[in-house]
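The structure appears below as structure tokens.
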Amino acid sequence: MIEYIPMTETHVAAVAKLDEACFSMPWSEQAIRSELTNPLALWLVAVDGETLVGYIGSQSVMGEADMMNVAVDPAYRRQGIGEKLITELMARLKENSVYALALEVRASNESAIALYDKLGFTQVGRRPNYYRKPTEDGLILKKEWEV
Ligand SMILES: CC(C)(COP(=O)(O)OP(=O)(O)OC[C@H]1O[C@@H](n2cnc3c(N)ncnc32)[C@H](O)[C@@H]1OP(=O)(O)O)[C@@H](O)C(=O)NCCC(=O)NCCS
């Protein structure tokens with residue numbers, strides 16, 4: 001059974017490894033670790049027993065959250081884990097009176113865009129050449145809810 005729980009020090013190395021496997025400009029392990037003591041941050045992990053299979057990171061200011069990243073181990077994709085990470089994050093943010101979640105996604109990232117679309121995110125902007133390696137536009141998506 002997959003569990004969705006707040007990230008702790010025990011997960012940091014595995015989160016950094018998955019981040020490096022999934023993104024061309026990964027967060028350093030130290031940057032991920034510093035989120036554990038960042039009062040604005042909420043990161044969740046999906047674990048299958050001792051195995052880390054996904055994570056999601058966010059930072060919130062004045063009731064609005066930004067999703068820093070979300071990723072699922074390739075061997076565990078298309079099982080609803082990415083969707084559950086986002087809905088679990090939104091539920092926990094709501095408990096903290098957060099009413100909106102925004103994120104950037106590469107314009108070519110069809111699987112992630114399909115996931116955000118399924119969850120009711122809408123495009124509110126576009127940042128030309130926002131990403132590097134390769135250079136690409138970023139779409140800004142957002143979802144709001146009642147608190
Ligand atoms: C995006 C990502 C997190 C999705 O995780 P996942 O656990 O495979 O997603 P889920 O199984 O929860 O999928 C939920 C929905 O998203 C959409 N989706 C997910 N992967 C898809 C794909 N490859 N093609 C089309 N739609 C997809 C579907 O609508 C799916 O619902 P369905 O299974 O009922 O059709 C995963 O592909 C990933 O880690 N990608 C690499 C990292 C990344 O790009 N992160 C986003 C950065 S902005």
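What follows is calculated from the coordinates using simple rules that are stated; it is not laboratory data. Because the structure is a prediction, the values reported are computed rather than measured. Note that each Cβ is placed from the backbone with ideal geometry, even for glycine, and that neighbours are counted across all protein chains shown.
Here the condition is being surrounded by 17 or more Cβ atoms within 10 Å (Cβ to Cβ), without any contact (Cβ under 8 Å) to a residue 60 or more places away in the chain and either basic (Lys, Arg) or more than 9 Å from the ligand (Cβ to nearest atom) (or both); of ALA65, ALA91, ALA46, it holds for ALA65 alone. Once the range 2-25 is narrowed to residues that are among the hydroxyl-bearing types (Ser, Thr, Tyr) and more than 15 Å from the chain's Cα centre (by Cα), the residue that is nearest to VAL72 (Cα to Cα) is SER24.
Taken over the range 94-116, the criterion of being more than 15 Å from the chain's Cα centre (by Cα), surrounded by 13 or more Cβ atoms within 10 Å (Cβ to Cβ) and within 7 Å of the ligand (Cβ to nearest atom) is satisfied by no residue.
I need every pair where a residue in the range 21-37 that is over 13 Å from MET68 (Cα atoms) has its Cβ under 8 Å from the Cβ of a residue that is away from the ligand (no atom under 16 Å from the Cβ) and of a type in the set (D, E, K, R), sequence separation at least 6 or different chains. Final answer for the pair search is ARG33/GLU9; LEU36/GLU9.
So which residues in the range 74-88 are within 7 Å of the ligand (Cβ to nearest atom) and within 13 Å of the chain's Cα centre (by Cα), if there are any at all? Scanning the range 74-88 gives ILE81, GLY82, GLU83, LYS84.
Can you find a residue in the range 125-133 that is over 14 Å from the mean Cα position of the chain (by Cα), touching a residue at least 40 places away in the same chain (Cβ under 8 Å) and surrounded by fewer than 17 Cβ atoms within 10 Å (Cβ to Cβ)? Yes. Among the residues of this structure, TYR55 does not count as one that is in contact (Cβ under 8 Å) with a residue 40 or more places away in the chain, hydroxyl-bearing (Ser, Thr, Tyr) and away from the ligand (no atom under 14 Å from the Cβ).
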